[in-house]
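Here is the structure we will look at.
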Amino acid sequence: MRRLLFVALFALSFAQAGQVTLREGESGQLGSRTIRVLRVDDLRCGPTENCVADVLAQVQVQDGSKISKVILSLYPRPPQTWPGIGVIKLTRDIVTFTTRPPGSSGSAQQVTLRRGETGRLGPRQITVQGWETMRCPPQALCVRPEWTYVYVRVVWGIKRTWLALEYPRVLAWPGLSLIDATTEDNPKLTFTDARP
């Protein structure tokens, strides 16, 4: 009986999710929201080129009297999974790491290190190799105006690896995602209000 109830609730959550497909300049309804696509940057390469790029859409979202602008991205690859370590604070000289995934609650371990320092975070020994800040070029659409890759060496038992941790992490826009884009010159973009 419990299993049947879970399956019914799971199916209901997808049944309530909506989708709308729009081109640049078009508007449509997605639940209680009016979505208007203001601008699209299609950075994808041709089938014979070796590059990784995104489709970025600047969207105006109106929900009642509240109007917001947001930039959504369609990634050509799955987003990075949580590697067990994240950056929660970065200043000019130090970086603070955590074991708590974004959006989760509960206790977490933290460690603050300078470039070149080594510390422990749970069972992992981490060494900060450095960091590199990237800025969105003028007139380009970017999900964030500025972000930093923090490079760390991780030792966990006999395992050794390198990570490039993004700070700040890209957070999903609540209740709105870009899930598909056609390959035409003026692509049709499909948006959904389904929760990931």
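The values are calculated or read from the model by the stated rules, or taken from the named source; none is laboratory data. Remember, predicted model here, so these are calculated numbers, not experimental data. Note: ideal-geometry Cβ built from the backbone for every residue, glycine included; neighbour counts use all protein chains shown. When the accessible area is computed, the model is the full protein with side chains, heavy atoms only, and any ligands, DNA or RNA have been set aside. Shrake-Rupley method; radii C 1.70, N 1.55, O 1.52, S 1.80 Å.
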Out of everything in the stretch 151-171 that is open to solvent by less than 80 Å² (accessible area, probe 1.4 Å) and in a loop (DSSP other than H, G, I, E, B), what residue ends up being farthest from Trp82 (Cα to Cα)? Gly157
Scan the stretch 105-115 for residues that are open to solvent by less than 70 Å² (accessible area, probe 1.4 Å) and at pLDDT 95 or above and jot them down. Val111, Leu113
State which residue is least open to solvent (accessible area, probe 1.4 Å) when the search covers only the stretch 1-33 and only residues that are at pLDDT below 95 and of a type in the set (Ser, Thr, Tyr). Ser13
Restricting attention to the stretch 90-104, which residues are loosely packed, with under 14 Cβ neighbours inside 10 Å and either at pLDDT 95 or above or touching a Lys or Arg at 6+ places or on another chain (Cβ under 8 Å) (or both)? Asp93, Ile94, Pro102
Enumeration of residues in the stretch 136-150 that are among the hydrophobic types (A, V, I, L, M, F, W, C), surrounded by 14 or more Cβ atoms within 10 Å (Cβ to Cβ) and over 18 Å from Arg100 (Cα atoms): Cys136, Leu141, Cys142, Val143, Trp147
Quick one: is Thr133 modelled with pLDDT of 90 or more, closer than 29 Å to Leu30 by Cβ and either open to solvent by 30 Å² or more (accessible area, probe 1.4 Å) or among the basic types (Lys, Arg) (or both)? no
If I filter the stretch 162-181 for residues that are without any contact (Cβ under 8 Å) to a residue 24 or more places away in the chain and more than 21 Å from the chain's Cα centre (by Cα), do I get at least one hit? no
Of the residues in the stretch 172-187, how many are assigned to a strand (DSSP E or B) and touching a Phe, Trp or Tyr at 6+ places or on another chain (Cβ under 8 Å)? 3
